[in-house]
Every structure is written in structure tokens, then in C-alpha cells.
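Engineer: Just dropping this structure here.
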Amino acid sequence: MSALPSDAADDGLTREGPAQVPEPTPVPTLNVANLLTLSRLVMVPLFVVALFVGDGHDTTWRAIATGLFAVASFTDQLDGWVARKYGLITDFGKIADPIADKALTGAALVGLSVLGELGWWVTIVIAVREIGVTLLRFWVIRHGVIPASRGGKAKTMAQIAAIVAYLLPLPAGADPVRWSLMGLALVLTVVTGVDYLVRAVRLRAAGRRVTGG
């Protein structure tokens, strides 16, 4: 029996033909990262129920609502880290993760406004920014994806801190702290929203130049 020539072996050839390159294993939709995202969605109605027990004035249930919000917010950081570290990024996760984030934050802000503890104008400003950024993502999606900025991450953390401060059953003496945190969150919300708009316009213009559209 004669052996294959060395050059054939180097070229990855066998008697059966070219060597087969194994295709990458597809990432299952049902994975740890996506389960964390789904758990955040499940916690949203539980959080809302806890927030409105006793018209929002039951200290124990306010503490429970705050705990649910904090845990759900932590899963937002955790699911992204898990997806990146273990290669579990899926199309489902890309869609479900921002929906879960906005559902949680929106439920908290609307709930606090309904209870009369947060001005509706604050909720509306933040909601308009978040909805606007989502629409901008769809507007430029064919040209590329705008990565999250440090300002955007700081905005998220500021919103979480401000909402937690409003959810906690703290005495009236803590109001200046609440106002300061929410004020910071509002400034970052508006500034990062404008920054996202500018980057979206630039990305779309660059994409149209490349495609000649």
C-alpha cells in the first residue's frame, strides 16, 4: 500500500477528498444567560405587586419591592457577562435583554409616579429617551451597531441607584439624596441620548456613502 504524497497531506487532502472543517456548534437559545434575562422579565410583575401593596406605604413590602428590583438589576449585569464569557450570545438575547431592562426600569418609574412619589415629567423624560434610542437602533441597524458607551453604562447605574433610593422606605430627611441621585440620572440620560443621536446620524451617513444610497 502506497502512502499519500507529502504535499497532498500538507494540503489537507486524503483519499476521500479534502479534509472537512467542522462547523461551529450553534448556541442554544435556552442557555444560562437567556434564562437570567427571562428571570428578570418574570420579576417585573412581582416587583409591581410588591410595590403597590398597602398603596405603597407598607414598609415590609417596600423593602421586598426594593430587593426584587435590586436582584433584577443585578441579573442585567450578570447575563451580559455570562453571555460574553461563555460565548452564549444569541439573537433572542439581543432582543430580550433590552426589553427586560426597559420593562424593569419603566415599571419602577411609572409605579413611583402613580404613587405620587416621583414627578411624571421625570418618568416621561427617561421614557422618551429610552424609546428614542430603541428607534434609533432600528434606524441604523442596516449600517451597523453603535456600541454601548461609558456614559451609557454610567447612565444605567445612576438610574438604578436613584430608583433604589426612591424605593427604599427612607425618612423624609433622605429626600436631598434622592433628588441628587435622580438629578444625576436625568442629566446622564439626556446627555447620552443626544450623544447616541449624533453617533446614529454619523453612522447612517457613513453607511449611505459606502452603499451610495
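Engineer: Which one of these does Leu115 not meet: (1) in contact with a Lys or Arg (Cβ under 6 Å, 6 or more places away or on another chain); (2) closer than 28 Å to Val42 by Cβ?
Structural biologist: Going through the list (1) in contact with a Lys or Arg (Cβ under 6 Å, 6 or more places away or on another chain); (2) closer than 28 Å to Val42 by Cβ, Leu115 breaks only (1).
Engineer: Determine if region 74-88 includes at least one residue that is at pLDDT below 90, under 17 Å from Leu38 (Cβ atoms), among the acidic types (Asp, Glu) and surrounded by 17 or more Cβ atoms within 10 Å (Cβ to Cβ).
Structural biologist: Yes, because at least one residue in region 74-88 is at pLDDT below 90, under 17 Å from Leu38 (Cβ atoms), among the acidic types (Asp, Glu) and surrounded by 17 or more Cβ atoms within 10 Å (Cβ to Cβ).
Engineer: Could you list, in sequence order, the residues of region 89-126 that are of a type in the set (Gly, Ala, Ser) and open to solvent by 40 Å² or more (accessible area, probe 1.4 Å)? So that I can check it myself, show each step before the final result.
Structural biologist: Filtering region 89-126 down to residues of a type in the set (Gly, Ala, Ser) leaves 93, 96, 100, 103, 106-108, 111, 113, 116, 119.
The answer is Gly116, and nothing else.
Engineer: Output the residues belonging to region 156-171 that are modelled with pLDDT of 90 or more, within 14 Å of the chain's Cα centre (by Cα) and open to solvent by 30 Å² or more (accessible area, probe 1.4 Å).
Structural biologist: The answer is Met157, Ile160.
A quick yes/no check of all residues on (1) surrounded by fewer than 17 Cβ atoms within 10 Å (Cβ to Cβ); (2) among the hydrophobic types (A, V, I, L, M, F, W, C); (3) in a helix (DSSP H, G or I):
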| site | (1), (2), (3) |
| --- | --- |
| Val128 | yes, yes, yes |
| Ala154 | yes, yes, yes |
| Ala174 | yes, yes, yes |
| Leu188 | no, yes, yes |
| Val191 | yes, yes, yes |
| Arg199 | yes, no, yes |
| Gly207 | yes, no, yes |
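Engineer: What's the number of the condition Val27 fails, among (1) outside any helix (DSSP H, G or I); (2) surrounded by fewer than 16 Cβ atoms within 10 Å (Cβ to Cβ); (3) modelled with pLDDT under 80?
Structural biologist: All conditions pass for Val27, except number (2).
The values are calculated or read from the model by the stated rules, or taken from the named source; none is laboratory data. Keep in mind that what you see is a predicted model, and the values were worked out from it rather than measured. Here Cβ is always computed from backbone atoms with ideal geometry, including for glycine, and neighbour counts include all displayed protein chains. For accessibility, only protein heavy atoms count, side chains too; no ligands or nucleic acids. Shrake-Rupley method; radii C 1.70, N 1.55, O 1.52, S 1.80 Å.
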